[in-house]
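Read through the structure below, which is laid out as structure tokens, and then see the notes.
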Amino acid sequence: MKNKSIFCIGMAILLSTYLFCIPGQVIAAHGFDEYGYNENARLFVGTFDNWEAFIYGQPSLPPVEPSATDVLFITRNWNKSFDDAMFHDKPLKDGAWCSSLFHTNLSGAQLGWTSYEYFFYIYSSVPIPNSIPIVEMPGIYIIVQKSWLTDPFGNVMILSEHLTDLSQINKDILHNSMNIAKSFIHKKINVNAHNNSYSDKT
């Protein structure tokens, strides 16, 4: 197994993908564009290569079948407050959140296995105890981190898991963010962009 490197790879990806590096480009008004971005749903579903092409204003790459092996896929969703900061130069507000799910269908001796890495992070103007602060992004804290593998039969092997207890934070919006984070962990996320739907639009 490639277990020992999955978490490190996931963190490197997260930190290298500084979310506020969105280029000044025309954004699709409805549905999913050629990158895998859906403005109305505040959702990106596609390959990590196309995510990078999107944020750096490069041409989109051809779509990849969800069953392809050794391709890093990403599903990323965020709320309105995070969207305002990314696209409209507004300041981040407490409770602004973004979730990121990475997955790769493995090959070779691991054919049939899939590796997953999930992050849920929020902005807070005060430090969040027991969270994972992102030094390069002041005020952004990872409150959920989970990595796991699924075998060819759908069995799940948890590799690591971190859940921040927000019960001592006296901010209802942060409590709400934690509830959303937990729901995303248990939500079945379809890697087919056009079949994705999220009810939260806060």
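Within segment 123-134, the set of residues being modelled with pLDDT under 90 and either in contact with a Gly (Cβ under 9 Å, 6 or more places away or on another chain) or more than 17 Å from Ser99 (Cβ to Cβ) (or both) comprises Ser124, Ser125, Val126, Pro127, Pro129, Asn130.
Residues of segment 121-152 that are over 14 Å from the mean Cα position of the chain (by Cα), in contact (Cβ under 8 Å) with a residue 60 or more places away in the chain and under 30 Å from Leu106 (Cα atoms): Ile134, Leu149. Checked against the criterion of being aliphatic (A, V, I, L, M) and within 18 Å of Pro133 (Cα to Cα), the candidates Leu92, Leu72 yield just one match: Leu92.
Here Ile169 qualifies as of a type outside the set (Phe, Trp, Tyr), more than 26 Å from Phe73 (Cβ to Cβ), modelled with pLDDT under 65 and crowded, with 17+ Cβ neighbours inside 10 Å.
Selection of segment 71-111 for residues being without any contact (Cβ under 8 Å) to a residue 40 or more places away in the chain, closer than 30 Å to Leu159 by Cα and out of contact with any strand residue (DSSP E or B) (no Cβ under 7 Å at 6 or more places or on another chain) yields Gly108, Ala109.
The values are calculated or read from the model by the stated rules, or taken from the named source; none is laboratory data. The shown structure was predicted, so the numbers you read here are calculated from the model rather than taken from an experiment. In this analysis, Cβ positions are derived from the backbone assuming ideal geometry, glycine residues included, and neighbour counts consider all displayed protein chains.
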